[in-house]
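Just below is one structure, and these are the notes that go with it.
The values are calculated or read from the model by the stated rules, or taken from the named source; none is laboratory data. In this text the structure is predicted, and so the values were computed from the model without any measurement. When we count neighbours, we look across all protein chains shown, and the Cβ atoms used for this are built from the backbone with ideal geometry, even at glycine.
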Amino acid sequence: MAEIRPFKGVRPRKELASQIAALPYDVYNRQEACEVVAKNPLSFLRIDRAETQFSDDVDTYDPRVYEKARKTLKEMSKRGDFVQDGSPCYYIYELTMNGRTQTGIVACASIDDYRNQVIKKHENTREEKELDRITHVDVCNAQTGPIFLAYRANETINRVVNNKKEHEPLYDFTSEDGIRHRAWMIYENQEISDIFEAFQSISSIYIADGHHRAASAVKVGLKRRAEKPDYDGTEEFNYFLSVLFPDEQLKIMDYNRVVKDLNGLTADDFLKKVQEVFETEDAGKVPFSPTCKGSFGMYLGDNWYRLKVKNSDLDKDPVDGLDVSLLQNLLLEPVLGIKNPKTDARIDFVGGIRGLEELEKRVQNDCAVAFSMYPTSIQELFSVADANRLMPPKSTWFEPKLRSGLFIASVKFYSDNGK
């Protein structure tokens, strides 16, 4: 049911891949992006964040910034930093972090599958955040940031991938953060056909990360359709760049919470409120990372506590039963007064990759209490999306991050239109 098609990938020359590949554009603020580009002029951030090539008085969203991104991609393509494969291919993208490997198929997904909810989302997008990537894709004529998609594992796809990985990789390098990146090309007609047909047998695909990039790519495709009313559906703009991973290989990390004050309560009074809501155990100075669903760690007053949701408060609803929802509904809102965690400046979120030491640091510096979370599972994500529901803010943290610049899907490649 899902149309996941091969494409003529635009990608770095082999010896430049490690220099060009960059973390996603939204991982950095402007200053950090500038520092990366100053250190490595080949970094793809020169294209994804072209404001790095301007002085600070030029706005990040100035039209000149997007034009610079287009010109930079064109210049790098002309001098051979990027090449384009001559026929449509699938690609394999493998990432290894801390001994754990996940392997995805790089391909183009259909904007119609997104619109018809074959490709399902679990969070809303904000129009102002979409506009930047809409303009970037439209001006560059290229999709530069892959969407992280997930699907229920398929035996045929696993077989093709495992067979291909026995061959020499297209790319093999380790980035500065210690993550190993390897890639292969799938160009044989039979293997391409096997993968295409296998995805057609999959009824649902899920956006794991990249909701704004996906929404932006779809809106560019619809814009191009309006500009070309005789489109036949095969044009590049009808698809968006994706990397699709089987669920069995994915790991979601914890997304922890810190709160800046106790809503007028003393530490002792707050702890009493917590003990009324949760089964509570003093953990002393040892940081506590939950090992099962329905449990939390709490760092308060230089001390850790183990919290467990009472059986009577557990909920089978796909959204209300999430640990992030239980903490919000049982404690953050009724006791700490945080009604909307998406907009309330009193709460902040700390990705699990930073460790529990970061929670202690925040409480010691600018917060009053921290909560360590048990990670949302990929199956919980699927259940929410299948129910056509939305997850609470900051429910999932995926690692490792896909690199931008390793694979580009052209809306129209420069060598074709000369723009």
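If the requirement is being at pLDDT 95 or above, closer than 22 Å to I92 by Cα, assigned to a helix (DSSP H, G or I) and not charged (D, E, K, R), which of these qualifies: S18, S43?
That would be S18, the only listed residue that is at pLDDT 95 or above, closer than 22 Å to I92 by Cα, assigned to a helix (DSSP H, G or I) and not charged (D, E, K, R).
Go over the candidates A150, A109 one by one and state the one that is within 15 Å of R213 (Cα to Cα), in contact with a strand residue (DSSP E or B) (Cβ under 9 Å, 6 or more places away or on another chain), among the small types (G, A, S) and assigned by TED's automatic domain parsing to the domain that holds D26.
Going through A150, A109 in turn, just one is within 15 Å of R213 (Cα to Cα), in contact with a strand residue (DSSP E or B) (Cβ under 9 Å, 6 or more places away or on another chain), among the small types (G, A, S) and assigned by TED's automatic domain parsing to the domain that holds D26: A109.
Tell me, which residue of region 166-206 that is touching a strand residue (DSSP E or B) at 6+ places or on another chain (Cβ under 7 Å) and among the polar types (S, T, N, Q) is nearest to Y151 (Cα to Cα)?
Per the criteria, the residue is S204.
Within region 347-385, how many residues are of a type in the set (K, R) and over 19 Å from the mean Cα position of the chain (by Cα)? Can you show your working first?
So the first thing to find is which residues in region 347-385 are of a type in the set (K, R), and the list is 354, 361-362.
Still in the list and also over 19 Å from the mean Cα position of the chain (by Cα): 361-362.
Looking only at that region, the number is 2.
Per-residue answers, yes or no, for (1) within 30 Å of T144 (Cβ to Cβ); (2) at pLDDT 95 or above; (3) surrounded by fewer than 18 Cβ atoms within 10 Å (Cβ to Cβ):
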{"position": "L314", "(1), (2), (3)": "no, no, yes"}
{"position": "D320", "(1), (2), (3)": "no, yes, yes"}
{"position": "Q328", "(1), (2), (3)": "no, yes, no"}
{"position": "I338", "(1), (2), (3)": "no, yes, no"}
{"position": "L356", "(1), (2), (3)": "no, yes, no"}
{"position": "A368", "(1), (2), (3)": "no, yes, no"}
{"position": "Q379", "(1), (2), (3)": "no, yes, yes"}
{"position": "D416", "(1), (2), (3)": "yes, no, yes"}
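Out of everything in region 15-66 that is farther than 18 Å from I408 by Cβ and of a type in the set (D, E), what residue ends up being surrounded by the most Cβ atoms within 10 Å (Cβ to Cβ)?
E51
Name every residue in region 77-91 that is surrounded by fewer than 22 Cβ atoms within 10 Å (Cβ to Cβ) and within 28 Å of E176 (Cα to Cα), in order of residue number.
S77, K78, R79, G80, D81, V83, Q84, D85 - these are the residues of region 77-91 that are surrounded by fewer than 22 Cβ atoms within 10 Å (Cβ to Cβ) and within 28 Å of E176 (Cα to Cα).
For a quick check of your reading of the model, give me the residue pairs whose first member lies in region 261-289 and is at positive phi, whose second is of a type in the set (A, V, I, L, M, F, W, C), with beta-carbon atoms closer than 6 Å and at least 6 apart or on different chains.
Matching pairs, first to second residue: N263/L336.
Enumerate the pairs (first residue in region 324-346 and assigned by TED's automatic domain parsing to the domain that holds K272; second residue anywhere and part of a helix (DSSP H, G or I) and among the β-branched types (V, I, T)) with beta-carbon separation below 7 Å, excluding pairs fewer than 6 apart on the same chain, so at least 6 apart or on different chains.
From region 324-346, the pairs are L330/V277; L331/V274; L331/V277.
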